[in-house]
Amino acid sequence: MSEVTSTQDSYDLIVLGGGSGGIAAAKEAQNLGAKVCLLDYVTPSPRGNKWGLGGTCVNVGCIPKKFMHHASILGDSIVDAQYYGWEIPESKNISLNWETLRKAIHDHIKSVNWLIRVDLRDRKIEYINGFGVFVDANTISTVAKGVERKLVGKYILIAIGGRPRYPDIPGAMEYGITSDDIFFLKNPPGKTLVVGASYIALESAGFLNGLGYNATIMMRSVPLRGFDRQMAEIIKTELEDRGVSFLKKCLPTNIEKLDDDKLKVTWKNDSDEVFSDNFDTVLFAIGRMAKTKELELENAGVKVAADGDKIDVVNEQTNVPNIYAVGDVLYKKPELTPVAILAGKLLAKRLFSNSTQNMDYDTIPTTVFTPLEYGSVGMSEERAIERFGEDSLEIYHGYYKPTEFFIPQRSYRNCYLKIITKREGDQYVLGMHFIGPNAGEVIQGFAAAMRLCLTYKDLVDTIGIHPTIAEEFIRLSITKRSGKDPNPSACCN
Ligand code: FAD
Ligand code: NDP
């Protein structure tokens with residue numbers, strides 16, 4: 001650092017973080033004529049993994065996860081294909097080459113890193129591969145390529161995302177990995193313990209199991225907290241049906257490395273009984289934290305929420321008027337890529353054009369990419385009952401048989417969906433929940449319909465596309481109140 005020189009430049013907008021939210025805001029601001037500088041710097045994970053421009057989603061989140069999920073589903077398809085007449089040599093021995101999958105994913109990610117970089121350059125958004133810290137409310141300091149730069153911004157956007165948390169137990173940091181590492185593993189993960197029971201844990205255990213690895217989930221309370229309880233339990237059952245084990249109401253207490261490189265994990269249950277087993281990999285998926293402490297926010301006067309490290313905002317504005325925040329760094333907002341993107345775009349429009357449109361964080365669709373996916377939009381049954389009372393609601397539900405499942409005789413016992421509506425009038429739809437193949441694709445269109453105040457009458461008046469699984473939503477007629485059997489009778493009824 002003895003060679004450090006100093007420069008100072010001014011911008012309309014400085015963005016800290018080149019992930020989903022930061023890039024979306026930077027591009028929109030530049031479209032509207034703003035002079036923009038974007039900083040992105042990845043601090044290596046404790047296991048030494050780091051990655052390129054694009055943030056969590058591109059490098060260690062949605063994209064590599066979706067590839068692993070798809071790879072695992074392709075395994076199912078190879079099995080099904082034989083029932084449809086495909087003759088696959090040595091089909092009994094199909095197995096995955098982890099290194100081929102890992103390399104294919106990383107080649108794709110590197111190309112995306114490069115495309116984002118070129119896009120920023122073509123748009124004349126200045127990109128600095130440097131870690132930004134606040135000097136004051138308008139000034140960011142960073143060191144890039146040995147040069148210390150002071151960047152002055154009319155507006156500053158904090159879009160630094162989050163990083164995985166580790167439990168405070170012996171061996172966790174030394175021997176455990178997180179989603180920041182799983183996609184980089186040089187060797188196949190082998191027998192894996194996944195600690196946590198939400199999106200990342202269930203998705204990871206799902207694809208690991210599908211790829212042929214033994215997966216166990218250690219759950220301290222319930223699966224998918226915050227989601228519809230009934231749907232979450234069905235997803236758990238589906239994972240169990242596929243061979244994923246669950247250790248219920250358990251917490252790890254220690255991890256040690258044995259002479260044969262296995263990891264001996266000790267844990268206890270809620271009765272304080274102690275257990276242990278050996279694993280090849282221990283994956284922590286126990287939530288994410290925002291590394292706001294490292295931003296030296298106090299120099300700018302930005303406050304974080306009292307009970308943590310995240311930033312509380314009103315319409316993305318922090319307590320310091322020219323400093324904004326979007327994405328995973330926000331307090332009590334969904335940690336999802338499309339949420340970060342839309343919030344970033346709308347903010348840039350408000351800052352650099354006459355827009356007054358604010359981000360609406362309600363009714364956000366989402367999908368858990370477990371082998372049988374779970375997509376939802378709107379309220380859970382519990383939330384709707386709490387808000388409106390059971391008597392004001394009608395809940396339509398049913399199990400269904402995807403046509404594709406018949407020939408390979410794939411189990412459909414967990415293919416289930418439900419619609420939660422108001423009981424009166426045309427029955428305004430409050431929530432839609434779908435478990436089945438491609439649930440994300442199914443829910444997306446219904447989310448648009450719900451923004452337009454979808455009613456149950458609209459659904460039954462809609463013509464189906466037959467034979468699809470999405471049409472099951474417009475065929476639902478059995479209410480929970482009726483007590484009738486929600487199991488499917490036959491096709492095409
Ligand atoms: P990020 O994308 O995390 O970007 C922040 C960037 O800022 C990072 O590159 C970081 O290194 C950088 N940075 C941090 N501090 C500084 C600093 N001081 N200076 C400069 N740069 C800094 N969401 C979905 O919608 N669908 C999914 O299927 C999905 N799957 C996921 C799977 C996994 C395993 C994970 C971990 C997440 C998943 N998510 C998914 C969530 C999604 O990835 C995040 O919500 C999204 O990436 C958040 O975007 P962001 O812009 O807030 O932050
Ligand atoms: P979440 O914050 O969603 O869930 C954390 C999980 O870990 C919960 O099951 C929680 O249990 C458990 N947990 C928390 N602390 C401990 C602990 N000390 N010991 C044991 N278990 C613990 O985190 P994730 O890491 O799963 O995901 C982070 C976010 O990333 C998600 O909320 C989601 O927004 C986003 N994401 C989105 C995806 C998608 O859209 N498909 C996929 C993956 C991630 P408890 O319920 O008891 O608190």
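The values are calculated or read from the model by the stated rules, or taken from the named source; none is laboratory data. Since we're looking at a predicted model, the values are computed, not measured. Glycine gets a Cβ as well: all are built from the backbone with ideal geometry, and neighbour counts include every protein chain shown.
Overview of results
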quantity: Complete set of residues in segment 196-214 that are more than 14 Å from ligand 1 (Cβ to nearest atom) and either among the hydrophobic types (A, V, I, L, M, F, W, C) or within 29 Å of Pro365 (Cα to Cα) (or both); calculated: Ala197, Asn209, Gly210, Leu211
quantity: Scan of segment 333-370 for residues that are of a type in the set (Val, Ile, Thr) and modelled with pLDDT of 95 or more, ordered by number; calculated: Thr337, Val339, Ile341, Thr356, Ile364, Thr366, Thr367, Val368, Thr370
quantity: Tally of residues being over 27 Å from Val194 (Cβ atoms) and in contact with a Pro (Cβ under 7 Å, 6 or more places away or on another chain) across segment 362-401; calculated: 5
quantity: Top-ranked residue of segment 37-47 - restricted to ones that are assigned to a loop (DSSP other than H, G, I, E, B) and surrounded by 13 or more Cβ atoms within 10 Å (Cβ to Cβ), ranked as farthest from ligand 2 (Cβ to nearest atom); calculated: Tyr41
quantity: Segment 444-459 residues that are in a strand (DSSP E or B), paired with ones that are modelled with pLDDT of 95 or more (beta carbon under 8 Å, 6 or more apart); calculated: Thr455/Thr421; Thr455/Gly425; Thr455/Asp426; Thr455/Gln427; Thr455/Tyr428; Thr455/Val429
quantity: Failed item in (1) under 24 Å from the mean Cα position of the chain (by Cα); (2) without any contact (Cβ under 8 Å) to a residue 24 or more places away in the chain, with Arg117 passing the rest; calculated: (2)
quantity: Selection count where residues are hydroxyl-bearing (Ser, Thr, Tyr) and more than 23 Å from the chain's Cα centre (by Cα), scope segment 311-363; calculated: 4
quantity: Condition check for Gly375: within 16 Å of ligand 1 (Cβ to nearest atom), at pLDDT 95 or above and either in contact with a His (Cβ under 8 Å, 6 or more places away or on another chain) or not in a loop (DSSP other than H, G, I, E, B) (or both); calculated: yes
quantity: Selected residue [in contact with a Cys (Cβ under 6 Å, 6 or more places away or on another chain), among the hydroxyl-bearing types (Ser, Thr, Tyr) and touching a residue at least 60 places away in the same chain (Cβ under 8 Å)] from Thr281, Thr337; calculated: Thr337
quantity: Matching residues, segment 193-207, being of a type in the set (Ser, Thr, Tyr) and surrounded by fewer than 24 Cβ atoms within 10 Å (Cβ to Cβ); calculated: Ser198, Tyr199
quantity: Restricting segment 153-201 to residues that are among the β-branched types (Val, Ile, Thr) and part of a helix (DSSP H, G or I), the residue that is farthest from ligand 2 (Cβ to nearest atom); calculated: Ile182
quantity: Residue under evaluation Ser204, criteria (1) within 11 Å of ligand 2 (Cβ to nearest atom); (2) closer than 14 Å to Ile435 by Cβ; (3) of a type outside the set (A, V, I, L, M), criterion not met; calculated: (2)
quantity: Members of segment 307-334 that are touching a residue at least 24 places away in the same chain (Cβ under 8 Å), acidic (Asp, Glu) and in contact with a helix residue (DSSP H, G or I) (Cβ under 6 Å, 6 or more places away or on another chain); calculated: Glu316
quantity: So Glu148, is it acidic (Asp, Glu), under 26 Å from Val15 (Cβ atoms) and either buried (at least 19 other Cβ atoms within 10 Å of the Cβ) or more than 12 Å from ligand 1 (Cβ to nearest atom) (or both); calculated: yes
quantity: Residue check, Ala29 modelled with pLDDT of 95 or more and surrounded by 19 or more Cβ atoms within 10 Å (Cβ to Cβ); calculated: yes
quantity: All strands (runs of 3 or more DSSP E) inside segment 393-437 with 2 or more residues being in contact (Cβ under 8 Å) with a residue 60 or more places away in the chain and under 23 Å from the mean Cα position of the chain (by Cα); calculated: 416-422, 429-436
quantity: Qualifying residue in segment 218-232 (condition: modelled with pLDDT of 95 or more, farther than 19 Å from Tyr374 by Cα and part of a loop (DSSP other than H, G, I, E, B)); calculated: yes
quantity: Test for Thr253: is it outside any helix (DSSP H, G or I), closer than 19 Å to Ala197 by Cα, free of Cβ contacts under 8 Å to residues at least 60 places away in the same chain and of a type in the set (Ser, Thr, Tyr); calculated: no
quantity: Subset tally (residues that are surrounded by 20 or more Cβ atoms within 10 Å (Cβ to Cβ) and basic (Lys, Arg)) for segment 336-361; calculated: 1
quantity: Single residue of segment 122-145 satisfying the filter (over 24 Å from Gly52 (Cβ atoms) and of a type outside the set (S, T, N, Q)) that is surrounded by the fewest Cβ atoms within 10 Å (Cβ to Cβ); calculated: Asp136
quantity: Residue in segment 481-491 that is within 23 Å of Glu233 (Cβ to Cβ), buried (at least 17 other Cβ atoms within 10 Å of the Cβ) and at pLDDT 95 or above present; calculated: yes
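A quick yes/no check of all residues on (1) of a type outside the set (A, V, I, L, M, F, W, C); (2) free of Cβ contacts under 8 Å to residues at least 12 places away in the same chain:
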position: Arg229; (1), (2): yes, no
position: Thr237; (1), (2): yes, no
position: Asp259; (1), (2): yes, yes
position: Ser276; (1), (2): yes, no
position: Ala285; (1), (2): no, no
position: Lys293; (1), (2): yes, no
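The rows are residues; the columns are (1) within 9 Å of ligand 1 (Cβ to nearest atom); (2) among the aromatic types (Phe, Trp, Tyr).
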| site | (1), (2) |
| --- | --- |
| Asn322 | no, no |
| Glu335 | yes, no |
| Leu342 | no, no |
| Asn358 | no, no |
| Tyr361 | no, yes |
| Thr367 | yes, no |
